[in-house]
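Structure, as structure tokens:
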Amino acid sequence: MAEADIWEKLCVIDTENESGSLYVGTVVNGVRVGEYLTINLEAPFSAAR
């Protein structure tokens with residue numbers, strides 16, 4: 001599987017004021033972080049939401 005295919009399958013549920021996408025394009029332990037999906041979730045937090 002190509003690296004781009006892996007990132008397209010990831011999704012972050014972001015509860016920290018849209019900070020979940022801050023890592024796109026950075027390099028962590030020699031791996032470039034590709035673009036992934038984010039879902040912005042605001043309070044009140046619950047399992048139903």
(request) Calculate for the chain the 222 nm mean residue ellipticity that helices alone would give, adding -39,500 (n - 2.57) per DSSP H run of length 4 or more and normalising by residue count, nearest 500 deg cm²/dmol. (result) -2000 deg cm²/dmol
(request) Taking 7 Å along the Cα-to-C-beta vector as the label spot, tell me the Thr38-Glu18 distance in nanometres, rounded to one decimal. (result) 0.8 nm
(request) Of the listed values [x] 4.2; [y] 3.2; [z] 3.9, grab the one calculated as mean projected area of the Cα convex hull in nm² from the structure here. (result) [x]
(message) Please list, in order along the stretch 37-49, the HN-Hα scalar couplings obtained from phi with the Karplus expression 6.51 cos²θ - 1.76 cosθ + 1.60 (θ = phi - 60°), rounded to whole Hz, x for Gly and Pro.
(response) 7, 10, 10, 8, 10, 10, 4, x, 8, 7, 4, 5, 6
(request) Using amide H atoms built 1.01 Å from N in the peptide plane, name the residues 5+ places from Asn40, or on other chains, whose amide H lies under 5 Å from its own. (result) Asp14
(message) From the phi angles alone, apply the Karplus equation (6.51, -1.76, 1.60; θ = phi - 60°) to the stretch 28-35 and give each ³J(HN,Hα) in whole Hz, x where the residue is Gly or Pro.
(response) 10, 6, x, 10, 6, 7, x, 7
(request) Could you calculate the FRET efficiency of Lys9 with Arg49 from 1/(1 + (r/R0)^6), where r is the beta carbon distance between them and R0 is 30 Å, rounded to 0.05? (result) 0.85
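Each reported figure results from applying straightforward, stated rules to the coordinates on display, with no laboratory input. Only a predicted model underlies this, so the values are computations on that prediction, with no experimental measurement involved. Every residue, glycine as well, gets a Cβ built from its backbone with ideal geometry; the counts of neighbours run over all protein chains shown.
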